[in-house]
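*Asks:* My questions all concern the structure below.
Only the coordinates and a few stated rules stand behind these numbers; no lab work does. Not measured: the values here are computed from a predicted model. Please note: Cβ atoms are built from the backbone with ideal geometry, for glycine as well, and neighbour counts cover all protein chains shown.
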């Protein structure tokens, strides 16, 4: 029943977005801007680079590192899917995203001993942040770098996983311009980003009828 309600609400969100597109760009800008949040920076234990858009988020982390906000940068290994093992079986090297991010950090002047790669393979933001939490001491402060459109949902995920007991400062990558909240409806990719983020937030607001993995 809750899944059916979720589907209806999701379709309603899409319908509202279409209606807003026909009605008023200023309202559409507010819809896009709602997704973008950021915390005031303060010294932290480490900077976490969430997966996606390599190496743009890693470059933001490198800048934060060089500005002295944290002495360590953490990156995750993405879940290895069938494509990886298919190439591996043929003796073809598959360069994984975390390797690109790691190389980008090193080339940006981050020392090798300041880069930490978690051992777990992860497939979404909740699993990424869980892996980071398991690898770190309790009651620490982190700076979490992601894309601007993913910041609000990342903050919600972090607060849900930590119950607000561990401080996570959200930061968006300045070099990632794939989502402009003032014109998102003019770009198919940005529309997909926005719909995905709102569907994840709706799942959260409704108490996870589709499970936290969809969050």
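*Asks:* Which value, to two decimals, describes the C-alpha radius of gyration of the range 83-158 once divided by 2.2 N^0.38 Å?
*Replies:* This ratio for the range 83-158 stands at 1.32.
*Asks:* Considering the zone a paramagnetic label at residue 83 would reach in this model (a point 7 Å from Cα along the Cα-to-Cβ line), which residues of the range 44-59 have amide N under 15 Å from it?
*Replies:* What the label zone holds, given the 15 Å backbone N cut-off, is 52-54.
*Asks:* How big is the range 44-88 by the Kirkwood estimate over distinct Cα pairs, in Å? Walk me through the numbers on the way to the answer.
*Replies:* Working: mean 1/r = 0.0841 Å⁻¹.
Answer for the range 44-88: a Kirkwood hydrodynamic radius of 11.9 Å.
*Asks:* So what is the 222 nm mean residue ellipticity for the chain from helices alone, if each DSSP H run of at least 4 adds -39500 (n - 2.57) and you divide by all residues, rounding to the nearest 500 deg cm²/dmol? Write out the running numbers ahead of the final one.
*Replies:* Details: 8 runs with 102 residues, N = 215.
Helix-only estimate at 222 nm: -15000 deg cm²/dmol.
*Asks:* Right, another one. Tell me the relative contact order for the range 37-178 as a rounded percent, counting alpha carbon contacts under 8 Å between residues six or more apart.
*Replies:* Relative contact order here is 34 percent.
*Asks:* Mind checking which of 64, 133, 79 has the largest fluctuation in a GNM of the chain, springs on alpha carbons under 10 Å?
*Replies:* 79
*Asks:* Additional query: When 1/r is averaged over all different Cα pairs and the result inverted, which Kirkwood radius in Å belongs to the range 1-121?
*Replies:* With all distinct Cα pairs of the range 1-121 included, I get 17.9 Å.
*Asks:* Looking at the chain as a GNM with Cα springs under 10 Å, which of 190, 175, 88 has the largest mean-square fluctuation?
*Replies:* 88
*Asks:* A further question follows. Take the range 108-215, drop everything but the C-alpha atoms, weight them equally and run the Debye formula without solvent; then report log10 I(q)/I(0) at 0.13, 0.14, 0.20 Å⁻¹ to two decimals.
*Replies:* The calculated log intensity ratios at q = 0.13, 0.14, 0.20 Å⁻¹ are -0.57, -0.66, -1.19.
*Asks:* With springs connecting C-alpha atoms under 10 Å apart, model the chain as a Gaussian network and identify which of 122, 27, 145 has the largest mean-square fluctuation.
*Replies:* 27
*Asks:* So, one more: Which of 136, 50 has the fewest other C-beta atoms within 10 Å, and how do the rest follow up to the most?
*Replies:* 136, 50
*Asks:* Specify, per residue and in Å³, the volume enclosed by the convex hull of the alpha carbon atoms belonging to the chain.
*Replies:* That works out to 140 Å³ per residue.
*Asks:* OK, next. Among bridges DSSP assigns within the chain, what percent are antiparallel (round to 5)?
*Replies:* 0 percent
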